[in-house]
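The values are calculated or read from the model by the stated rules, or taken from the named source; none is laboratory data. Note that the structure is predicted; figures quoted are calculated from it, not measured. No Cβ is skipped: glycine too gets one built from the backbone with ideal geometry, and neighbour counts run over all protein chains shown. When the accessible area is computed, the model is the full protein with side chains, heavy atoms only, and any ligands, DNA or RNA have been set aside. Shrake-Rupley method; radii C 1.70, N 1.55, O 1.52, S 1.80 Å.
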Amino acid sequence: MALVNPTISILGQDPGHRRRCNINANAFQQDAVVTFRGWQYAVFYSYLCKDHPSPRPVDGTDDEPLYIHLARRKLRHASVAGLRRPSNEIEKESQASAWEVLVFDDYPQTSDDGHNTVQMGICPGDGTIHLAYDHHCDVLRYRHSVSSLALTPDDFQWKPSLFSPTLSHLPGLPTTHTPFKDVTYPRFGFLGNNNMFLSFRDGKAGLGNDHLYMYHPHQAVDGEAGRFTYIGQHLTGIQSNPYVNGITYTQRDNKLHITWVYRGFVNYDGWDDPLDTKHKQQAGPNGAENNHDLCYAYSEDLGYTWRNGNGQVIAALSLGTEAVGDMKSLPNTITNLAPGIVASKIAKRSGLMNQEAQAVDFEGRVHVLNRDCLACPDSDNDGSDNMQVRWKHYFRDSLDGIWTCHVLPISPGTRRGRLAAPPPHRDPHAPSEIYIILPGSDTNSIFRILKASSKDSYTNYTQVWSSSQAGLKLAGEPLVDSSRLEFDLVLSVFCLREHGGLDQETGDKGSKGDENHPQRDVVILDFELSP
């Protein structure tokens, strides 16, 4: 069944027409849109309001600086406190109040290399909202809200003073903590019943590691809402760096899933110079041609110990309690050499993308979207497409741990896609479905949504929506509000829309631009999934 055209709401103006690289709607923003307790939150970069002229950047450039915009809206008839709505209460049209938007005008953003995005996390234990922003091998930039802001949002007027200033450390950890000096790709997510995780990469492309932290609510430090602890360096690159597709916590079985690819390191002149910036280029010395292997691991204790796909414990980071028995001999990180982590062996220069997409369905299958030009193992694809890169859907059976790969009927462009795994609509024993959101390319503004089902082992991929049918020109890499999907059966897609239009909630007119440099709006597309 085809999806009905979505309700569209405009968050603000995207600055892409004045910048070389996208800074909104990038695949490595794990959560730029999150729903919690009946309210939806979204974060993006834009200009200051017209009645607040932007100051000129201190470096003398002509580019207008950008500022973090944090938006919220109340979702009518939405789930509260994690309770899923009965199917007979699911409305046919998205209903929500207007967006409230606050702007952090104390931090101008000026870097333009395609990495310095903004990420958001919400801690369910104390209702704090967390932001990390403007990173590409830079010192940590982070701020957090007062406690209870997301628990009782009606009690607060939406304003920047609810948040801390920009911090270069995490509350509870010292400013001298070494990884804070070199941060890229931060990610937040729910962890356990009340906690939240933060992860990020240190180092540079082809030569870095990933670090994992846990935020503990209600453990005040110097008046802060809560504190972070360092779990450890969960992924370590040996002459490489891991590029994470996603980190997903599933509360129903208390598992933390992670998939990634490796990027091998190639020496270049000046690579060990502390002042070197070549690795910050959009296509630096160590590019995507060096990506290889799809890898997987999971944790059953909130990230302290990690297992490979066969269930074998392969790393014990800090355990949380004193290690005993065989645990004492385990590595304290997952390296390239860890046994059983490779889900699919993929050679370099095969078109494999970094930071594509990951989702976990309600039967425990781990799904990955990526692309390469190789034949799928145990498939009918013989690889005779003359090295044509194709989208690939990988999924891991939750019972036997076997990975399967299927080739999608659409070839990718340069932009990365997204996965969405909704819960069963009526029957908890119904087959699981996966939605695959595929963006266009730099010259193609068509977004497509495909759907497949476990009923036929995901062998049929049916197109259920195309932006062309709605007369929309969409850009960026789509992001999904997985918590709203889980509890409200609404697929909220964060992306960019070209040439403006009308906001269906407010009637406001979007930006038009010109044919050569079309202006874009940051938008949310809301698709109601049939129960």
How big is the dipole moment of segment 385-468 about its Cα centre under a simple scheme where the beta carbon of each Lys and Arg is +1, that of each Asp and Glu is -1, and everything else is neutral? Debye, nearest 20, please.
240 debye
Stretch ASN254-ASN332 to full length: gain in nm at 0.36 nm per residue minus the Cα-Cα span?
26.0 nm
Students often get this wrong, so check it: of LYS204/LYS348; LYS181/LYS392; LYS345/LYS392; LYS451/LYS473; LYS74/LYS159, which have C-alpha atoms separated by over 25 Å?
LYS181/LYS392
Gain in length, VAL139 to TRP158, computed as 0.36 nm per residue apart minus the alpha-carbon separation, to one decimal in nm?
4.0 nm
Report the net charge of residues surrounding GLY121, where surrounding means a beta-carbon distance below 11 angstrom and charges are Lys +1, Arg +1, Asp -1, Glu -1.
0
Could you tell me the center-to-center distance, by alpha carbons, between segment 397-465 and segment 119-161 in angstrom?
32 Å
Let me check something: with ligands and nucleic acids excluded, how do VAL389, VAL464 order by accessible area (1.4 Å probe), largest to smallest?
VAL389, VAL464
Per the rule of 0.36 nm per residue minus the C-alpha distance, extending GLU363 to VAL266 adds in nm 30.9 nm
Along segment 466-480, Karplus-curve 3J(HN,Hα) (6.51, -1.76, 1.60; θ = phi - 60°) to the nearest Hz, with x for Gly and Pro, reads 9, 4, 5, 5, 9, x, 9, 10, 10, 9, x, 10, x, 10, 10
Just add up the charged neighbours of SER466: K/R +1, D/E -1, any other residue whose Cβ is under 13 Å from the Cβ of SER466.
+3
Rounded if a/c is under 1.5, else prolate if a/b is larger than b/c, else oblate: which is segment 126-239, with a ≥ b ≥ c the root eigenvalues of its Cα gyration tensor?
prolate
With each label point set 7 Å from Cα along the Cα-Cβ vector, what nm distance links ASN5 and ILE410?
1.8 nm
Determine the sum of side-chain charges near TYR107: Lys and Arg each +1, Asp and Glu each -1, restricted to other residues whose C-beta is under 14 angstrom from that of TYR107.
-2
